[in-house]
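The values are calculated or read from the model by the stated rules, or taken from the named source; none is laboratory data. Values in this document were obtained by computation on a predicted structure and should not be read as measured data. Counting neighbours? That spans all protein chains shown, and the Cβs are built from the backbone with ideal geometry, glycine included.
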Amino acid sequence: MAITRADLNPHGVPLTPVQEINQERLVYVANELERRSGVPVRVSSPLRTAEEHKAIYKKLGRNPPKRSNHLFRNLDGSEGTASAVDLVDRDDRLKKYILANHSADKSILVELDIYIEDPSCTDTWLHVQTTAPASGNRIFIPFARASKK
Ligand SMILES: [Zn+2]
């Protein structure tokens, strides 16, 4: 079943035009990944409220980063990008598909203009975002992980 806007924004939070575009792109990307890989795509973590964001990190025993691309409103009060989604990937099929199709010559990440968290940091899911991380790397170490001692 195709991913819809409601899957990405289950609370129906009102978004800014820029956030709407990011969400629209994520829907396209999720469904395009499914079409290309043949792996059924499901959302494991969509757009988050501040409470949901804090709860996720509390469960991990870590302090929540003040900013996340999963947020429409960052914990520091600034506007979030709403440009990230986590897709279920317990068997690593999505991660493996992407890595097998990402080389210097030809990359699915470049084609779709997306960025993913390093698969070694995402055990049972695939983190996809449509905005560039600070490093600009298509495959990047998440800030919350990189800053962990
Ligand atoms: Zn994520």
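Overview of values
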item	result
Within segment 46-86, considering residues that are of a type in the set (G, A, S) and not in a loop (DSSP other than H, G, I, E, B), the one surrounded by the most Cβ atoms within 10 Å (Cβ to Cβ)	A84
Qualifying residue in segment 108-126 (condition: of a type in the set (S, T, N, Q), over 13 Å from the mean Cα position of the chain (by Cα) and more than 16 Å from the ligand (Cβ to nearest atom))	no
Condition met for A6 (hydrophobic (A, V, I, L, M, F, W, C), without any contact (Cβ under 8 Å) to a residue 60 or more places away in the chain and assigned to a loop (DSSP other than H, G, I, E, B))	no
Residue selected from segment 16-45 under the condition part of a loop (DSSP other than H, G, I, E, B) and touching a helix residue (DSSP H, G or I) at 6+ places or on another chain (Cβ under 7 Å), by the criterion nearest to T4 (Cα to Cα)	V41
Filter result (within 16 Å of the ligand (Cβ to nearest atom), in a helix (DSSP H, G or I) and not charged (D, E, K, R)) within segment 87-107	L94, I98
Those residues of segment 68-85 which are within 10 Å of the ligand (Cβ to nearest atom) and either farther than 13 Å from I114 by Cβ or of a type in the set (S, T, N, Q) (or both), in sequence order	S68, N69, H70
Verdict on V128 being in contact with a Pro (Cβ under 7 Å, 6 or more places away or on another chain), at pLDDT 95 or above, under 26 Å from E34 (Cβ atoms) and aliphatic (A, V, I, L, M)	no
